[in-house]
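Q: Provided herewith is a single structure, encoded as structure tokens, for subsequent inquiry.
Values in this text are rule-based calculations from the coordinates and carry no lab data. Just so you know, these numbers come straight off a predicted model, no measurement behind them. No Cβ is skipped: glycine too gets one built from the backbone with ideal geometry, and neighbour counts run over all protein chains shown.
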Amino acid sequence: MRTEQPQMIRLSAYQQPDYLINETHLTFELYEEYALVHAQLVMQRNPALDTNLPPLHLDGQELSLQRLALNDRELSADEYQLSPYQLSLQPDSEAFVIDSTVRIEPQNNTALEGLYKSGGMFCTQCEAEGFRKITYYLDRPDVMSRFTTTLSADKNRYPVLLSNGNLIASGQAEEGRHWATWEDPFKKPAYLFALVAGDLWCVEDRFTTLSGREVTLQLYVEPKNIDKCQHGMDSLKKSMRWDEEKYGREYDLDIFMIVAVDDFNMGAMENKGLNIFNSSCVLAKPETATDATYQRIESIVAHEYFHNWSGNRVTCRDWFQLSLKEGFTVFRDIQFSADMNSKAVKRIEDVAYLRTHQFAEDAGPMAHPVRPEEYLEISNFYTLTIYEKGAEVVRMIHTLLGEKAFRQGSDLYFARHDGQAVTCDDFIQAMQDASGQDLTQFKRWYSQAGTPVLNVTDHYDPQQQVYRLKVKQSCPATPGQPDKAPLVIPLAVGLLDAKGRDLPLQLAGETQASIGTRVLVVTEAEQTFEFIKVTDAPVPSLLRDFSAPVNLFFAYSTEQLVFLLKHDSDGFNRWEAGQQLAVRAIKALMADAKADLSAFIHALGAVAQDPTLDVALKAEIFSLPSESYLIEQFTQADVQAIHQAREALRLQIAVQLKDALWTRYQSARHISQEVEYSAQADHVARRRWQNVALSYLMLTELPEIVLACVDQFEHADNMTERFAALTCLVNSSLCYEKQQALAAFEREFADDAQVMDQWFSVQAGSFLKGGLGRVKTLMQHPKFSIKNPNKVRSVIGAFANQSLVNFHQADGSGYAFLAEQILQLDRLNPQMAARILAPLTRWQRFAEPQRSAMKKQLQRIQQAEQLSPDVYEVVNKSL
Ligand code: PHE
Ligand code: ZN
């Protein structure tokens, strides 16, 4: 047990900083055994506060102080106090300069926070509170400062020296060393600071901004990755153009740099002018990266770039406001990806992800509002709720205000707050002021946790030709929030006539009808919407395009769902009807292995044949709800039963639709062989449909299909096709083909860390028996390292999040294994340890004996000595 409890930080306790840092001058001397960091802080008393001089507390962790001076006067040890977290001293004037020198050991930094080494290079990660591991500072986002940074290092090992802003000087030094000085003209909080020193190659391009300024674009990578930069660079240029056109946001420095590093806790980081990326989120070429990776890269490059305005120029006042930058920026990258690719498919993918993972978080012990009220460790709050639900909240504002007023609101927000550190309330206020719409009640989305429920019933009155939709909203209790107030919920609906066409919609009291979708604004606990002049009982299409992050219930008949799947003009709701049918089919199979599934399978058959339906949408409709999503549909989930029923349904679909799937597979594969590889949307869609078909067909293990699969694995010229075939083989019972393929793949890609991540995860995530043994074997592989987050994710993470039947073994062996890994990892990298803990925190969702076995492992972790605050917080909240 830990002896000293970490301190709870509360939003209600927010206070302005006592002191400001106007200028920050940093000098880094980088060596193999240590680094020296000199910081000169030009400070002043916060002019917004009164003039007395309270003690100054600078944040600092794991620093060894070598020297400290105030206004050029060296301080002796009795003139300041040091604790493991702070350096305190008493200023004697309103304006003063602090000089400090600290010694740190980047080469021993396994937490990957602060200054650390990845491969052979030095790099930094400062968000949220990593800067305090670099030097003593006011490490909070509302302290914004102008930075100059000088780095010096051995010239041979580290020919490239980078930091934020513009390079203003550089030169040679003694003993084979060199140095560079960078100046960032924009004030920024310390979390946006970055430096990189390494032996890197760079791909360079240019971009001309709307107003005609020339910007140099550079993507720095290890030399072996120089052929994997094109897509990242293309994505960057598209993002820059899009942000100008869609939001009027121009880039503001003369240079924009991206650096790829192999060891990174998250996806990427938006440091001013110097984004640092996890290699897996920026590097790609067709032979090594799948279409899914291509799309992820496009969206993450855009996300980090968009932060330059939503995050950097306008930043967060405190970390409770994290969703101010993250929710808004995710919303922006989603809009961007939707514009670059298929809109409906993008929405489907995002909603599937949100409903599976964010809804689970919001229903569990870690549930928190989009703007949390308290935390122990801020790193634990980089959550699906802050990011994904936060983006949904912004999306609802967009829906309520409309495109034009939303843009005016965003323009006002950026103009009003440029250079400031602000709050979610400031964002809403700008939206409200620009649109004239009162968003007071809407703000509850920021303070109330939990996924709201909409229960909808309908009634048709043929005499009066009136159709009524009655909507009841509620929200389940979440930790610390037993009672919930009604939210503002935009509910997009359409009504379908007997032929499946959209009816004109006219609400009682309106003089005119409108065609197509219409947004009903639900504001009360219970509300009825009355449509007039409805000549026949319609089929309602509810929550079109998933207009709000809620669970909607309506008692559709199977026939109605089949009808919607066939006819709905809303692509998202066609897919949704299919998903609901699939959930019903799986539940029916769980109750009775001989259940009649003909309605659903027949409807899928029609989807496969439908020549008018977008191929990308077909592939989505054929993708059954994931096991994780299904688990969330039960109060006491039986993972084994869910898995068996889902696989049984897949097999029945494969057997009954074999001919249709086989024809379509062959023609798609044929085109893939004929045309040159392209990452364009229509090619991606074709490959996706081809691979979804293959994954069904392979369940039959018919010889001609196995041959086709092996052929695709061996001869396709791109990773999308090869990896899909490999996945099918790995999950098949074909031992020989599987071993051959895995061995060939490993030989070919042994030196490509990203492809090896895929190789690890396809095995660790497999549902075939013996998963735990497989994972333990994989962890012995020379390319596995528990210090590398990508490897941890692709082995331990894939096992616990994808190989659900193996992780949830009744004897609890999967849980015990995960607990051991967490305890080991917690000593190296607390952020990662807390993240891979997430699956155990859901224990209450599962039936016995899993439930108790999961809880037992949480208790075991709780009892361990010296837990990090990260793991401590998650474990204690979940028990
Ligand atoms: N701010 C980063 C992003 O959203 C995520 C991140 C957080 C990266 C914390 C590292 C550490 O893009
Ligand atoms: Zn972000």
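Q: How do ARG851, ARG313, ARG371 line up, fewest other C-beta atoms within 10 Å first?
A: Ascending number of Cβ neighbours within 10 Å: ARG851, ARG313, ARG371.
Q: To make sure I understand the rule: partners must be lysines, Cα under 21 Å from the Cα of LYS856, and not fewer than 8 residues away in the same chain. Which ones qualify?
A: Partners found: LYS877.
Q: By counting other Cβ atoms within 10 Å of each Cβ, how are ILE378, ILE532 ranked from fewest to most?
A: ILE532, ILE378
Q: Relative to a virtual label point 7 Å from the Cα of SER678 in the Cα→beta-carbon direction, which members of region 269-286 show backbone nitrogen distances below 17 Å?
A: 286, by backbone N distance to the label point.
Q: Step through the residues of region 612-617 one at a time and calculate ³J(HN,Hα) from phi using the Karplus curve (6.51 cos²θ - 1.76 cosθ + 1.60, θ = phi - 60°), rounding each to whole Hz and writing x for Gly and Pro.
A: Calculated HN-Hα couplings, in order: 8, 7, 3, 4, 5, 5 Hz.
Q: So if I place +1 on the C-beta of Lys and Arg and -1 on the C-beta of Asp and Glu, and nothing else carries charge, what would the dipole magnitude of region 558-700 be about its Cα centre? I want it in debye, nearest 20.
A: Charge dipole, region 558-700, about its Cα centre: 320 debye, nearest 20.
Q: In whole Hz and in residue order, list the ³J(HN,Hα) couplings for region 184-195 that follow from phi through the Karplus curve 6.51 cos²θ - 1.76 cosθ + 1.60, θ = phi - 60°; x for Gly and Pro.
A: 9, x, 9, 4, 8, x, 5, 5, 9, 6, 8, 9
Q: Ordered by packing density, taken as the mean number of other Cβ atoms within 10 Å over each peptide's residues, highest first, how do 552-563, 576-587, 332-343 rank?
A: Highest mean packing first, the order is 576-587, 332-343, 552-563.
Q: Using only the alpha-carbon atoms, how far is helix 639-656 inclined from the longest principal axis of the chain? Give it as 0 to 90 degrees, nearest 10.
A: The angle comes out near 50 degrees.
Q: According to a simple spin-label model (label point 7 Å from Cα along Cα-to-Cβ), what is the distance in nm between ALA641 and LEU53?
A: Between LEU53 and ALA641, the label points sit 7.2 nm apart.
Q: In addition: Of the listed peptides 202-210, 864-872, what is their order by residue-averaged count of other C-beta atoms within 10 Å, with the highest listed first?
A: So the peptides 202-210, 864-872, ranked by packing, come out 864-872, 202-210.
Q: Label VAL453 and THR777 with points 7 Å out from Cα along Cα→Cβ: what is the distance between them in nm?
A: Modelled inter-label distance: 4.5 nm.
Q: Just report the Cα centroid separation between region 386-426 and region 767-820, whole Å.
A: Rounded to whole Å, the Cα centres lie 41 Å apart.
Q: For helix 322-340, report the angle its Cα long axis makes with the longest principal axis of the Cα atoms of the chain; keep it between 0 and 90° and round to the nearest 10°.
A: Tilt of helix 322-340: around 50 degrees.
Q: Still on this model: What are the ³J(HN,Hα) values, in whole Hz, obtained from phi via the Karplus relation 6.51 cos²θ - 1.76 cosθ + 1.60 with θ = phi - 60°, for each residue of region 491-504 in sequence order, with x given for Gly and Pro?
A: The phi angles translate into 10, 7, 9, x, 10, 9, 7, 4, 8, x, 8, 5, 7, x Hz.
Q: Assuming 1.306 mPa s and 10 °C, estimate D for region 9-199 with Stokes-Einstein, Rh taken as the Kirkwood radius over Cα pairs, in µm²/s.
A: The calculation lands on 93 µm²/s.
Q: Between GLU175 and GLU33, take the C-beta separation as r, use R0 = 22 Å, and let me know the FRET efficiency to the nearest 0.05.
A: Working from the Cβ atoms, E equals 0.90.
Q: Order 422-429, 517-524 from most to least packed using the mean count of other Cβ atoms within 10 Å.
A: 422-429, 517-524
Q: Moving on to the next point. Calculate the length of the line joining the C-alpha centroid of region 183-207 to that of region 472-527, in whole Å.
A: A separation of 47 Å, based on Cα centres.
Q: Restricting things to alpha carbons, find the Rg to Rh ratio for region 558-700 using the Kirkwood radius for Rh.
A: Result: Rg/Rh = 0.98.
Q: Quick one: which of LYS188/LYS443; LYS246/LYS787; LYS117/LYS187 span more than 32 angstrom between C-alpha atoms?
A: Over 32 Å apart, Cα to Cα: LYS246/LYS787.
Q: Let me check against my output: what whole-number percent is the relative contact order of region 222-333, with C-alpha pairs under 8 Å and at least 6 apart?
A: 27 percent
Q: Filter LYS238/LYS783; LYS346/LYS404; LYS224/LYS783 down to the pairs with a C-alpha to C-alpha distance above 24 Å, please.
A: Going by Cα-Cα distance, LYS238/LYS783 fall outside the 24 Å limit.
Q: Using alpha carbon centroids, what distance separates region 625-675 and region 562-618, in Å?
A: 12 Å
Q: Which number gives the lysine pairs in region 453-548 that have C-alpha atoms under 23 Å apart and are eight or more places apart or on different chains?
A: Close lysine pairs under the 23 Å cut-off: 4.
Q: Quick query: amide H of GLN448 versus all other amide H atoms, modeled in the peptide plane; which residues come in under 5 Å with a sequence gap of 5 or more or a different chain?
A: VAL370
Q: Follow-up. Wrap a convex hull around the Cα atoms of the chain, take a quarter of its surface area, and give that in square nanometres.
A: Convex hull of Cα atoms, orientation-averaged projection: 37.5 nm².
Q: Relative to the first principal axis of the alpha-carbon coordinates of the chain, what is the inclination of helix 390-401, with its axis defined by its Cα atoms, in degrees from 0 to 90 and to the nearest 10?
A: That works out to roughly 70 degrees.
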